[in-house]
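Student: My structure is below; once you've seen it, I'll send some questions.
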Amino acid sequence: MALHSRICEIFGIKYPIVLAGMGGASVPALAAAVSNAGGLGILGAAACSPRELREWIREVRKRTDKPFGVDTLLPASVRRSDSAVAASGSGNSPADLLSGHRAFAQEFMKRESLDRAADEGAAPRMDRDGPAFFSKDFFEEQMEIVIDEKVPVYAAGLGNPGPWMDRLHANGTKVMAVIGSVKHALQVATSGIDVVVAQGHDGGGHNSPIGTMALIPQVVDAIAGRLPVLGAGGITDGRGVAAAFMLGAEGAWVGTAFLATKEAGIHQFQKEVLVESGDSDTMVSKSVTGKPARVIKNKWAQAWVDAGKDPLPMPFQSIVAGPVLAAATQQKRKDIAPGFAGQGMGLIKAIRPASEVLEALVAGAEKALASSNRFR
Ligand SMILES: Cc1cc2nc3c(=O)[nH]c(=O)nc-3n(C[C@H](O)[C@H](O)[C@H](O)COP(=O)(O)O)c2cc1C
């Protein structure tokens, strides 16, 4: 029995398994490897400057002639944040709190002997004349590149791609949105998207409060047959893919399982942490982007808990965390910058080629689904 669903027809792929858009990890080499192996590779382009995004799209096209996609963020809070900046002066707007939070970050760097000079080389590569990182203009200019390059698939990792839908569909681009609740699923469904990704609490990165096992069937029922659903969050081997099918999903959006691969864009020391860590080694923290995100436990996330201090909302927290995490990454500090990961991390036993991970997900799912009649 071959693993197949209407997701394969919608995207023109062999297996209904999609590489999750993961910033810093789902780089052109990884996206192309997954697409070449029969899945759908999605570029984790959230932090790419518009110019870098165009380069990435062109690079993935050189590496594969198969369909692929681009994931960026469209956070509603970013639209609000420009007015927050304008309204600063009240004393407790995010812009006003920024300097205090930066001082907290600088003290942390001093305490941990993180070299400020080191962060220069590791900071996100920005165009000098491009829009400010994670600003409204930044996210909107990324969308212009996605539309101009006529990518096969676009995924909104946060927010609603509704305002861009007509132009995307006019190019033949299929559109997905990652959601973490039934309410948000219903919102994006009315925008005319093609596929909904239901990502639960178990997953790495930005995070829903609702567990994957409970979320998937409720989202499937809410959009009852109108749109296919990909299950996500904690799906780290073939049994997880099979479980997503059992819950009514028609495929899986998989992140963490593809992190410990040769092609992933994260650092070798971060891949090693994934192999060494287990089910209890993650926590949910706003310390990286300002939104709740599942990270591998680390001193930076813990420092905010210990200080009883609230991180700033997106996009301000990235300004605070950026230099700290860039310097810690440069210094290969596993204890400070191990990265995002989902709770399925304990299933990862080795760093492998992405094609092997995809094949194992497919074979494992086929085996689990074929043997499910054992229970009758
Ligand atoms: C390292 C990492 C980076 C991520 N970055 C993004 C991102 O930039 N955009 C996004 O939409 N989701 C991001 N996510 C969430 C993934 O798209 C996906 O929903 C999640 O990885 C699924 O759960 P899993 O990791 O348990 O498979 C990230 C996840 C990880 C682990």
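Just so you know, all these numbers are worked out from the coordinates, no wet-lab data involved. From a predicted model like this one, the values you see are computed outputs, not experimental measurements. With ideal geometry, Cβ positions are generated from the backbone for all residues, glycine too; neighbour counts draw on all protein chains shown.
Student: Are any of the pairs LYS66/LYS334; LYS262/LYS291; LYS136/LYS291; LYS291/LYS334 more than 24 Å apart by Cα-Cα distance, and if so, which?
Tutor: From LYS66/LYS334; LYS262/LYS291; LYS136/LYS291; LYS291/LYS334, over 24 Å: LYS66/LYS334; LYS262/LYS291.
Student: Give me the percent relative contact order of the chain, please, defined on Cα pairs under 8 angstrom at least 6 residues apart.
Tutor: So the answer I get is 19 percent.
Student: Largest first and in whole Å, give the semi-axes of the stretch 6-369's equivalent ellipsoid, each being the square root of 5 times a Cα gyration tensor eigenvalue.
Tutor: Ellipsoid half-lengths, sorted descending, are 30, 23, 20 Å.
Student: In addition: Give the Cα extents of the stretch 165-227 along the principal axes, in whole Å, largest first.
Tutor: Answer, in whole Å and largest first: 35, 26, 14 Å.
Student: In addition: If you count the DSSP beta bridges with both ends in the stretch 6-369, what percent of them are antiparallel, to the nearest 5?
Tutor: In the stretch 6-369, DSSP labels about 20 percent of beta bridges as antiparallel.
Student: Any idea what Rg and Dmax come out to for the stretch 200-335 if you just take the C-alpha atoms, in Å?
Tutor: According to the Cα coordinates of the stretch 200-335, Rg and Dmax are 16.6, 49 Å.
Student: Quick one: angle between helix 50-63 and the longest Cα principal axis of the chain, in degrees between 0 and 90, rounded to 10, please.
Tutor: 30 degrees
Student: Suppose we look only past 12 Å in the calculated P(r) of the stretch 129-170. What percent of the Cα-Cα pairs does that tail hold?
Tutor: Across the stretch 129-170, Cα pairs with separations above 12 Å total 63 percent.
Student: Based on other C-beta atoms within 10 Å, arrange PHE68, PHE138, PHE104 from fewest to most.
Tutor: Fewest-to-most Cβ neighbours within 10 Å comes out as PHE104, PHE138, PHE68.
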